[in-house]
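The values are calculated or read from the model by the stated rules, or taken from the named source; none is laboratory data. Bear in mind the structure is a predicted one, so any value in this text is a computation, not a measurement. As a convention, Cβ positions derive from the backbone with ideal geometry for all residues, glycine included, and neighbour counts pool all protein chains shown. Accessible surface areas use protein heavy atoms only, side chains included; no ligands, DNA or RNA. Shrake-Rupley method; radii C 1.70, N 1.55, O 1.52, S 1.80 Å.
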Amino acid sequence: MSQRMIAISRVMGILMIGFSFTYLAPVIVSLIYTEHEEFYFFITFAVTLLTGIGLWLPFINNNAELRTRDGFVIVTLFWTVLAIFSALPLFLSTNPNIGFTKAVFEATSGFTTTGATVLKGLDTMPKSILWYRMQLHFLGGLGIIVLAVAIMPLLGMGGMALFKAETPGPMKDEKITPRIAHTARNLWYVYLGLYFACAVSYYVGGMSAFDALTHSFSTVATAGFSNYDDSLKHFNSPFIEWTAIVFMFLGGLSFTLHFLAFRGKKLSLYLQNIELRVFVGIIVIVSLIITLTLMDNGVYNDIHTAFRTSLFQVIAMMTTTGFTTANFSQWPVFLPLLLIFMSFFGGCAGSTSGGIKIIRIILIVKQSGREIMRLIHPRAILHIKLGKRVIPESILGGVWAFLGIYAFSTGILTLVMIGFGLSPLDAFSAVAACLNVTGPGLGAVADNYASVSDGGLWVLIFAMLLGRLEIFTVFVLLTPAFWRD
């Protein structure tokens, strides 16, 4: 076996061993509520642990370092394998009683923070299952690989390869501390801080301790699972809705920005960040458009309720959280499709959100403006800047390539889903919801994906992995050049 394969096997084993212990948390929940579901989680723990040991133990004394290309293999392989392993408790349990394909879809949706579900009757489901679904959100939110880099110094220099392959956004080389492990650890400190603040706020707002803890998993990870079929509408509480608005918004911002602002105690850093300003501007404008349209069509008579509901749904879709407090797929005229398009924008780079990311939207607009200026002034030397920083042409080219592949993937996957029996609009919204890791779509997939065929679900599973790993991480593995030494 080559040194490259040994390094990959060794790190995969370490990651699987570490992740296996997360299955013990729902075991404890099951024991607390005497639900007799603990056996299924313990089986999954044992299978994952033994598989990890099998991959790691033969190469325990091998110190081969990872290259950047190895990071792409490990991240893609780890997310794919963990999605399948994480489906075991859902498949083995009698509540929910679902087949293997739906179990993998649900686990992948949880792990990628998509929030699309095939389950019904969540209100009466065992709490250990509900906890487990939300826990997958929490671990997938900032990225289990980033967590591994933060707490496993034995990954050594290879940690940078994993970090670059895992973290979202066009500029992956920026670190907030000299050591990559410290960077990852600090990001997780911010993540945990937001989680506990959100949980306390939900509890103060009237949620039970269990609901507050689990919904905070979903909110800060900008994911979307809920313990109830009606999502946050179940609570019928403006306070809880405003709490979700705040923490979905914070989850949609760069965690690097959060860290730098809190470390330096300079909240002005938020105001200086162009990506954040554009993000807020889009949210405000679209929320006002939706509010006025809802009022004009008589959906709401109270402007405060109309604005709160509009703002909630816009933030939920743009941060790709996917929570709902209203059946927006039934809203009048162009509003449902507008919200689906907002999910393509996504949140800020370095956040837990999916989508294209606001920073890429900014760069695309700036480049389009530059090309127009070049038509007017062909000899002018024009640079693209963010603030005072000149953006390298390599990043600009990467942004256009990303957008092209994103659009191509959306189109091809939509055609495939039409082939599996969905209407064109339902197929497009399903692909958009999964590729953008948002969750809710329109029509047949507005509330639930249970009606989609097994073949269609596997296509959407692939779309979720593509979206969560930002496409390049997966597609780079399909190029022959990648596998040549």
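Quick check on Gly387: is it surrounded by fewer than 16 Cβ atoms within 10 Å (Cβ to Cβ) and in contact (Cβ under 8 Å) with a residue 40 or more places away in the chain? Full working, then the answer.
Numbers: surrounded by fewer than 16 Cβ atoms within 10 Å (Cβ to Cβ): yes; in contact (Cβ under 8 Å) with a residue 40 or more places away in the chain: yes.
Criteria met by Gly387.
Enumerate the pairs (first residue in segment 408-420 and at negative phi; second residue anywhere and open to solvent by 30 Å² or more (accessible area, probe 1.4 Å)) with beta-carbon separation below 7 Å, excluding pairs fewer than 6 apart on the same chain, so at least 6 apart or on different chains.
Cβ pairs passing all conditions: Thr414/Phe428; Ile418/Pro424; Phe420/Ser453.
Okay, residues lined up against (1) among the aromatic types (Phe, Trp, Tyr); (2) at negative phi; (3) surrounded by fewer than 18 Cβ atoms within 10 Å (Cβ to Cβ); (4) at pLDDT 95 or above:
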{"position": "Phe428", "(1), (2), (3), (4)": "yes, yes, no, yes"}
{"position": "Val431", "(1), (2), (3), (4)": "no, yes, no, yes"}
{"position": "Val437", "(1), (2), (3), (4)": "no, no, no, no"}
{"position": "Leu460", "(1), (2), (3), (4)": "no, yes, no, yes"}
{"position": "Leu465", "(1), (2), (3), (4)": "no, yes, no, no"}
{"position": "Leu469", "(1), (2), (3), (4)": "no, yes, no, no"}
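Taking interchain pairs and intrachain pairs at least six residues apart, which have beta carbon atoms under 6 angstrom, with the first residue in segment 249-269 and under 16 Å from Gly354 (Cβ atoms) and of a type in the set (Ser, Thr, Tyr) and the second open to solvent by less than 40 Å² (accessible area, probe 1.4 Å) and in a loop (DSSP other than H, G, I, E, B)?
Hits for this filter: Ser254/Cys348; Ser254/Gly350; Ser254/Ser351.
Return the residues of segment 252-272 that are closer than 27 Å to Thr114 by Cα and of a type in the set (S, T, N, Q); say none if nothing qualifies.
Matches in segment 252-272: Ser254, Thr256.
Would you mind stating whether Phe475 is under 23 Å from Trp400 (Cβ atoms), out of contact with any Gly (no Cβ under 8 Å at 6 or more places or on another chain), open to solvent by less than 40 Å² (accessible area, probe 1.4 Å) and touching a residue at least 12 places away in the same chain (Cβ under 8 Å)? Let's see the steps before the verdict.
On the way: under 23 Å from Trp400 (Cβ atoms): yes; out of contact with any Gly (no Cβ under 8 Å at 6 or more places or on another chain): yes; open to solvent by less than 40 Å² (accessible area, probe 1.4 Å): no; touching a residue at least 12 places away in the same chain (Cβ under 8 Å): yes.
No, not satisfied.
Going through Leu142, Leu155 one at a time, which residue ends up being crowded, with 21+ Cβ neighbours inside 10 Å and at pLDDT 75 or above? Step through it out loud before you land on a result.
On the way: Leu155 fails: at pLDDT 75 or above.
When all the criteria are applied, what remains is Leu142.
Got a number for residues in segment 229-260 being under 28 Å from Trp188 (Cβ atoms) and in a loop (DSSP other than H, G, I, E, B)?
So the count comes out to 3.
Got a sec? Which of Val333, Val280, Val284 is open to solvent by 60 Å² or more (accessible area, probe 1.4 Å) and free of Cβ contacts under 8 Å to residues at least 40 places away in the same chain? Reasoning before the result, please.
Working: Val333 fails: free of Cβ contacts under 8 Å to residues at least 40 places away in the same chain; Val280 fails: open to solvent by 60 Å² or more (accessible area, probe 1.4 Å).
Answer to the selection: Val284.
Exactly one of (1) in a loop (DSSP other than H, G, I, E, B); (2) crowded, with 21+ Cβ neighbours inside 10 Å is unmet by Ala316. Its number?
Against the list (1) in a loop (DSSP other than H, G, I, E, B); (2) crowded, with 21+ Cβ neighbours inside 10 Å, Ala316 comes up short only on (1).
Does segment 395-406 contain at least one residue that is surrounded by 15 or more Cβ atoms within 10 Å (Cβ to Cβ), of a type in the set (A, V, I, L, M), at pLDDT 85 or above and not in a helix (DSSP H, G or I)?
No.
Looking at segment 28-54 only, could you name the residues that are touching a Lys or Arg at 6+ places or on another chain (Cβ under 7 Å) and in a helix (DSSP H, G or I)?
Across segment 28-54, the qualifying residue is only Val29.
Please state which of the following conditions Ser368 fails to meet, knowing it meets all the rest: (1) open to solvent by 10 Å² or more (accessible area, probe 1.4 Å); (2) under 24 Å from Ala401 (Cβ atoms); (3) in contact (Cβ under 8 Å) with a residue 12 or more places away in the chain; (4) of a type in the set (Ser, Thr, Tyr).
The one condition Ser368 does not meet is (3).
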